[in-house]
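Worksheet: one structure, shown below.
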Amino acid sequence: MLNDLLHFVMTHANDIIVALEEHILLSLAAILIAAVIAIPLAITLMNYRRAGEVVLQIAGIIQTIPSLAVLGVLIPFVGIGTFPAIIALVLYAIMPIFQNTYAGLTQIDANLLEAAEAFGFSKYFKLFKIQLPLAMPLILSGLRIATVMIIGTATLAALIGGGGLGSFIMIGIQTNDNAQLLLGAILSAVLALAFSWLIKIIGKLSLKKMGILVGVAIILLGGYFTGKALTQPKGRIAIAGKLGGEPEILINMYKELIESDNAGLDVQLKPDFGGTTFIYKAIKSGDVDIYPEFTGTVLQNLIKGQTVSHQPEQAYLDARAALHEQADLEYLAPMRYQNTYALAVRQSDAKKYHLKTTSDLTKMSSQLTAGFDHDFYELKDSYPGMKKAYGLQFKDVKSMSSSLRYNALANGQIDVTDAYTTDPQLKADKLVTLVDDKKYFPPFQGAPLVRGDILKKYPSVKKSLERLNNKITNQDMINMNYQVTVQHKAADKVAHLYLKKHNLLK
């Protein structure tokens with residue numbers, strides 16, 4: 001493990017520095033903005049106890065909302081990237097800073113304040129010479145709590161293209177790369193300790209020096225983010241991919257194909273973007289221009305009231321027409337492989353029970369234990385519907401995390417699990433996928449989903465991407481996924497080798 005971690009650090013030093021810089025800037029901006037909002041608000045409301053309690057309740061309610069839900073709500077309004085991530089982090093940080101500042105200011109001994117009034121001190125003198133200094137230990141405590149919370153939550157910014165250390169954690173989870181996962185976790189913990197130490201040092205300064213330091217930091221951060229926004233290239237295409245090795249392979253193919261035809265075009269990749277909901281909102285809002293999507297996902301999840309054909313050609317045509325009509329998105333020609341659901345068993349059991357199709361499994365299901373991903377187990381059109389269609393009656397059925405089910409199958413804890421037909425674990429663990437002989441599951445062919453205005457602006461993009469039309473077999477994708485997820489090879493190199501081998505590059 002240590003060798004893998006050191007190897008990754010040495011081979012990805014530049015990526016680590018960039019991610020660390022993004023995480024620091026993101027966290028620092030959120031802390032400063034939250035403090036600038038929460039501390040003056042607490043000062044304003046310290047003499048209005050009823051209003052202060054209301055604000056505390058509101059801040060508490062906001063903090064109970066799952067961070068992913070907040071990010072999902074923000075995308076249609078403010079897009080993706082750093083800005084919505086900062087907004088979400090600020091919302092979470094306000095509660096501890098406001099609560100501690102408000103408590104520190106309202107718990108000061110009333111006799112002390114009465115004595116200050118008796119001496120004729122002004123309210124500003126009382127605030128800056130008595131109240132804030134006495135409340136400072138609690139204020140700093142609130143800042144430290146908010147800092148740890150922000151640095152931890154900021155890892156989710158990677159789901160919406162916000163960058164940061166979360167990219168290593170997400171990729172590590174999806175590809176079972178413990179080196180990346182550990183690196184992201186260690187650096188996040190170190191950052192939290194460093195920020196906490198920095199707040200402790202700042203707490204020793206006078207209020208005047210604190211104010212100057214905060215002001216300079218705000219000006220510098222504001223200038224950085226403004227300059228970054230103004231210097232973004234105009235001729236740019238943003239290609240995003242969902243979590244996992246397979247989407248990352250595909251978007252690297254898209255990038256290389258487009259750039260081979262358009263040398264001057266700037267193509268930006270946003271890998272490990274998150275789930276279908278996030279990425280679909282992003283392409284509709286214009287923050288993402290292209291991403292790979294599957295016909296079954298379009299028909300089942302993105303287009304309401306759409307019937308699902310079990311014929312691949314018809315499913316694609318239905319998905320293309322619906323996307324064009326409802327969202328002005330162009331669904332280009334699909335690839336050959338199908339990344340649909342299937343049931344998987346160990347090779348030894350397939351030979352022992354003569355299992356080739358799901359119907360064969362039905363005869364033996366009462367002797368076997370199944371373990372399914374939570375979504376597959378619960379969604380009506382997954383296991384519950386499949387159970388009814390095939391008459392499956394397993395001895396026992398367990399619901400478990402998707403990352404555990406393959407290990408459970410390999411270790412003999414379960415006998416059957418759900419799989420995507422291009423999962424690399426099928427090759428790594430020598431598993432057999434059973435043929436869906438009743439064609440219960442709809443087709444899941446991958447194809448580039450592109451904004452209509454991008455194809456009008458850059459017509460050659462369509463021709464570039466459609467070089468993948470009817471390319472990439474199931475075995476091709478399993479092999480590429482295996483290289484990225486199990487062997488931890490770089491997705492861009494794996495993608496390049498496939499394109500070069502099949503003469504798809506100019």
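Listed residues Lys506, Lys457; which is charged (D, E, K, R) and not assigned by TED's automatic domain parsing to the domain that holds Leu323? Reasoning before the result, please.
On the way: Lys457 fails: not assigned by TED's automatic domain parsing to the domain that holds Leu323.
The unique qualifying residue is Lys506.
When you look at Thr44, is it more than 22 Å from the chain's Cα centre (by Cα), among the hydroxyl-bearing types (Ser, Thr, Tyr) and surrounded by fewer than 20 Cβ atoms within 10 Å (Cβ to Cβ), yes or no?
Details: more than 22 Å from the chain's Cα centre (by Cα): yes; among the hydroxyl-bearing types (Ser, Thr, Tyr): yes; surrounded by fewer than 20 Cβ atoms within 10 Å (Cβ to Cβ): yes.
Answer is yes for this residue.
In the stretch 369-377, the count of residues that are farther than 19 Å from Leu426 by Cα and either surrounded by 13 or more Cβ atoms within 10 Å (Cβ to Cβ) or in contact with a strand residue (DSSP E or B) (Cβ under 8 Å, 6 or more places away or on another chain) (or both) is one or more. For the stretch 470-477, state whether one or more residues are out of contact with any Cys (no Cβ under 6 Å at 6 or more places or on another chain), surrounded by 17 or more Cβ atoms within 10 Å (Cβ to Cβ) and more than 18 Å from His502 (Cβ to Cβ). Checked the stretch 470-477: no residue is out of contact with any Cys (no Cβ under 6 Å at 6 or more places or on another chain), surrounded by 17 or more Cβ atoms within 10 Å (Cβ to Cβ) and more than 18 Å from His502 (Cβ to Cβ).
Restricting the stretch 226-245 to residues that are more than 21 Å from Asp272 (Cβ to Cβ) and touching a strand residue (DSSP E or B) at 6+ places or on another chain (Cβ under 7 Å), the residue that is modelled with the highest pLDDT is Gly235.
Residues checked against (1) surrounded by 18 or more Cβ atoms within 10 Å (Cβ to Cβ); (2) assigned to a helix (DSSP H, G or I); (3) among the charged types (D, E, K, R); (4) more than 23 Å from the chain's Cα centre (by Cα):
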site	(1), (2), (3), (4)
Tyr280	yes, yes, no, no
Tyr291	yes, no, no, no
Thr307	no, no, no, yes
Ala321	no, yes, no, yes
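Here Tyr331, Tyr377, Tyr316 are screened, and the one residue that is in contact (Cβ under 8 Å) with a residue 60 or more places away in the chain and under 26 Å from the mean Cα position of the chain (by Cα) is Tyr331.
Could you list all residues from the stretch 347-380 that are within 15 Å of Tyr420 (Cα to Cα) and touching a helix residue (DSSP H, G or I) at 6+ places or on another chain (Cβ under 7 Å)? Before you say what the answer is, go through the steps one by one.
Initial filter on the stretch 347-380 (within 15 Å of Tyr420 (Cα to Cα)): 358, 371-377.
Correct list: Thr358, Gly371, Phe372, Asp373, Phe376, Tyr377.
Here Pro334 meets the list (1) closer than 21 Å to Met477 by Cβ; (2) outside any loop (DSSP other than H, G, I, E, B) almost entirely, failing just condition (2).
Using the structure shown, decide if Ile472 is in contact (Cβ under 8 Å) with a residue 24 or more places away in the chain, under 21 Å from Lys242 (Cα atoms) and out of contact with any Phe, Trp or Tyr (no Cβ under 9 Å at 6 or more places or on another chain). Walk me through it before giving the result.
Values: in contact (Cβ under 8 Å) with a residue 24 or more places away in the chain: yes; under 21 Å from Lys242 (Cα atoms): yes; out of contact with any Phe, Trp or Tyr (no Cβ under 9 Å at 6 or more places or on another chain): no.
Here the answer is no, as Ile472 does not meet what is asked.
Of all residues in the stretch 388-446, which are among the small types (Gly, Ala, Ser) and at positive phi? Passing the criteria: Gly391, Gly412. Only one of the numbered conditions (1) under 27 Å from Thr277 (Cβ atoms); (2) of a type in the set (Val, Ile, Thr); (3) out of contact with any Ser or Thr (no Cβ under 8 Å at 6 or more places or on another chain) is not met by Thr357, and that is (1). Identification of helices (runs of 4 or more DSSP H) wholly contained in the stretch 43-129 with 3 or more residues that are assigned by TED's automatic domain parsing to the domain that holds Ser27 and within 30 Å of Gly164 (Cβ to Cβ) yields 49-64, 67-78, 82-106. Of all residues in the stretch 47-80, which are buried (at least 19 other Cβ atoms within 10 Å of the Cβ), among the hydrophobic types (A, V, I, L, M, F, W, C) and more than 23 Å from Ile151 (Cβ to Cβ)? If the condition is that a residue be buried (at least 19 other Cβ atoms within 10 Å of the Cβ), among the hydrophobic types (A, V, I, L, M, F, W, C) and more than 23 Å from Ile151 (Cβ to Cβ), then Val55 is the only one that fits. Restricted to the stretch 493-506, and to residues there that are within 19 Å of Ile478 (Cβ to Cβ) and among the charged types (D, E, K, R), the residue that is surrounded by the fewest Cβ atoms within 10 Å (Cβ to Cβ) is Lys501.
Looking for something among the aliphatic types (A, V, I, L, M) and within 29 Å of Leu207 (Cβ to Cβ) - is there at least one such residue anywhere in the stretch 66-84? The answer is no; no qualifying residue exists.
Of the residues making up the stretch 387-396, those that are buried (at least 18 other Cβ atoms within 10 Å of the Cβ) and touching a Lys or Arg at 6+ places or on another chain (Cβ under 9 Å) are Tyr390, Phe394.
The values are calculated or read from the model by the stated rules, or taken from the named source; none is laboratory data. The model shown is predicted, which means the values in this text are computed figures rather than measured ones. Note that we place each Cβ from the backbone using ideal geometry, even for glycine, and neighbour counts take in every protein chain shown.
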